[in-house]
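To start, the structure under review is shown below, and the notes come after it.
The values are calculated or read from the model by the stated rules, or taken from the named source; none is laboratory data. Keep in mind the model is a prediction, meaning the values are calculated, not measured. Note: ideal-geometry Cβ built from the backbone for every residue, glycine included; neighbour counts use all protein chains shown. These area figures cover heavy atoms from the full protein model, side chains too; ligands, DNA and RNA do not enter into them. Shrake-Rupley method; radii C 1.70, N 1.55, O 1.52, S 1.80 Å.
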Amino acid sequence: ARRDVRARHGVELSIVRQDLQEILDPDIGKIVREKAVGAYASMAHPCVVEHGGIFMDALPGLPGSVGKIVWDDVQDRICDFLRAGDSRGAMVRSYLGSCDGRRVRVYMGETRGRMAERARGAYKFAWDPIFMPGDQSLTYGEMGLELKRDSSPVCKAWDAFFAGEGPRLAALE
């Protein structure tokens, strides 16, 4: 994937695994801005961070920005949060925050879809086994990474990032 980024955008990305303190807030944009500033302060180098959420129509705002915490604790039992007759409609959003030491920018990608009744699929990243994008009958977990890319909110956020940041980042190298 990093080779694809270099070929398409002329930018070399490195993944740095580092725990950052995250604020709790319903506004994912605010969370990602704070994370970007914290990452820059820690690394003293231009950086990009990501945070996402899943939003159920029947439970406005939930689980939202705390989706990962909820998913880690209850896994696919999250599907049981919805009662018979509730809408299974949902939106997944991914936010990228970039910080170059002077500015923080936020980019968002989102995908509309539905919650599955139960987890399905071998690809187990976060809520991928319970989310079906668009009018698909497969969950992201059943699609796997390659098919997921076509509708992934993360990919949409990266597209927005490179549309706005790519040329500037390439000049920094």
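A few points about this structure:
- Restricting the stretch 67-99 to residues that are within 19 Å of Ser152 (Cα to Cα) and of a type in the set (A, V, I, L, M) leaves a set whose member that is most open to solvent (accessible area, probe 1.4 Å) is Met91.
- Residues that are part of a helix (DSSP H, G or I), under 18 Å from Phe81 (Cβ atoms) and under 15 Å from the mean Cα position of the chain (by Cα) do not occur anywhere in the stretch 118-127.
- Figure legend. Inter-residue proximity from the stretch 83-99: first residues farther than 28 Å from Ser137 by Cβ, second residues hydroxyl-bearing (Ser, Thr, Tyr) and open to solvent by less than 60 Å² (accessible area, probe 1.4 Å), beta-carbon distance below 6 Å, spacing 6+ or different chains. Indicated pairs: Leu96/Tyr107.
- Looking only at the stretch 36-66, and only at residues there that are part of a helix (DSSP H, G or I), touching a Leu at 6+ places or on another chain (Cβ under 9 Å) and open to solvent by 20 Å² or more (accessible area, probe 1.4 Å), the one that is modelled with the highest pLDDT: Gly38
- Glu110 vs. criteria touching a strand residue (DSSP E or B) at 6+ places or on another chain (Cβ under 8 Å) and in a loop (DSSP other than H, G, I, E, B): no
- For Met115, the conditions (1) farther than 18 Å from Lys30 by Cβ; (2) open to solvent by 20 Å² or more (accessible area, probe 1.4 Å); (3) of a type in the set (A, V, I, L, M) all hold with the exception of (2).
- Residue among Ser151, Ser94 that is outside any helix (DSSP H, G or I), more than 30 Å from Ala44 (Cα to Cα) and either modelled with pLDDT under 90 or in contact with a Phe, Trp or Tyr (Cβ under 9 Å, 6 or more places away or on another chain) (or both): Ser151
- Among the candidates Lys156, Lys148, Lys124, the residue that is among the basic types (Lys, Arg) and open to solvent by less than 30 Å² (accessible area, probe 1.4 Å) is uniquely Lys148.
- The stretch 18-35: number of residues that are within 23 Å of Val92 (Cβ to Cβ) and either acidic (Asp, Glu) or not in a helix (DSSP H, G or I) (or both): 8
- The condition (being small (Gly, Ala, Ser) and free of Cβ contacts under 8 Å to residues at least 24 places away in the same chain) is satisfied by just one residue among Ala122, Ala116: Ala122.
- Enumeration of residues in the stretch 21-34 that are open to solvent by less than 40 Å² (accessible area, probe 1.4 Å) and over 20 Å from Ser152 (Cβ atoms): Asp25
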